[in-house]
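Below is one structure, written out as structure tokens, with a few remarks after it.
The values are calculated or read from the model by the stated rules, or taken from the named source; none is laboratory data. Just so it is clear, the model here is predicted, and its values are computed rather than measured. Note that we place each Cβ from the backbone using ideal geometry, even for glycine, and neighbour counts take in every protein chain shown. Only protein heavy atoms, including side chains, enter the accessible area calculation; ligands, DNA and RNA are left aside. Shrake-Rupley method; radii C 1.70, N 1.55, O 1.52, S 1.80 Å.
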Amino acid sequence: VQLQASGGGLVQPGGSLRLSCAASDSILSVLIKGWYRQAPGKQRESVANITGFGNTNYAESVKGRFTISRDNAKNTVYLQMNSLNPEDSAVYYCNAISHLREELWGQGTQVTVSS
């Protein structure tokens, strides 16, 4: 099973990006749980997560600005990021768990917020 993350890029402060994480197999084999990010010199931190039923949880720093959602038919999870600021700059990783209870990570997508 592979996770393909996409949607990162360079955006100005106040701008928006939408990240996508698609699994190569169905939700019966792998459940995408959410997004993490890691900035240079910092530990990886949880940004947002979502259950298979759509219940969500967010880091305090992104509440009200980021929205996580999922399309179970496509086994894809999205992260809509609005009102971005330079502190949001990081490599964003999606996280999943397989039916064998293996933890999986996407390859990461770079988000840079700069004027």
For region 58-67, indicate whether the set of residues that are of a type in the set (Asp, Glu), in a loop (DSSP other than H, G, I, E, B) and touching a residue at least 12 places away in the same chain (Cβ under 8 Å) is non-empty. no
Scan region 14-41 residue by residue and report those that are of a type in the set (D, E, K, R) and either without any contact (Cβ under 8 Å) to a residue 12 or more places away in the chain or touching a Leu at 6+ places or on another chain (Cβ under 9 Å) (or both). ARG18
Just for region 1-24: of the residues that are closer than 11 Å to LEU104 by Cβ and open to solvent by 70 Å² or more (accessible area, probe 1.4 Å), which one is modelled with the lowest pLDDT? VAL1
If you scan region 83-92, which residues turn out to be of a type outside the set (Asp, Glu) and open to solvent by 40 Å² or more (accessible area, probe 1.4 Å)? SER83, ASN85, PRO86
Of the residues GLU87, GLU103, which is more than 14 Å from the chain's Cα centre (by Cα) and free of Cβ contacts under 8 Å to residues at least 24 places away in the same chain? GLU103
Looking for whichever is assigned to a strand (DSSP E or B) and loosely packed, with under 14 Cβ neighbours inside 10 Å here; the options are GLN80, GLN110. Which one fits? GLN110
Output for region 93-107, where each listed residue is surrounded by 15 or more Cβ atoms within 10 Å (Cβ to Cβ) and touching a Phe, Trp or Tyr at 6+ places or on another chain (Cβ under 9 Å): TYR93, CYS94, ASN95, ALA96, GLY106
Report, by residue number, each residue of region 37-55 that is at pLDDT 95 or above and either open to solvent by less than 70 Å² (accessible area, probe 1.4 Å) or of a type in the set (Lys, Arg) (or both). ARG37, GLN38, ALA39, LYS42, ARG44, SER46, VAL47, ALA48, ASN49, ILE50
Matching residues in region 50-79 - criterion: being of a type outside the set (Phe, Trp, Tyr) and within 16 Å of GLY108 (Cα to Cα): THR76, VAL77, LEU79
Considering region 56-75 alone, what residues qualify as being over 23 Å from SER89 (Cβ atoms), charged (D, E, K, R) and open to solvent by 90 Å² or more (accessible area, probe 1.4 Å)? LYS74
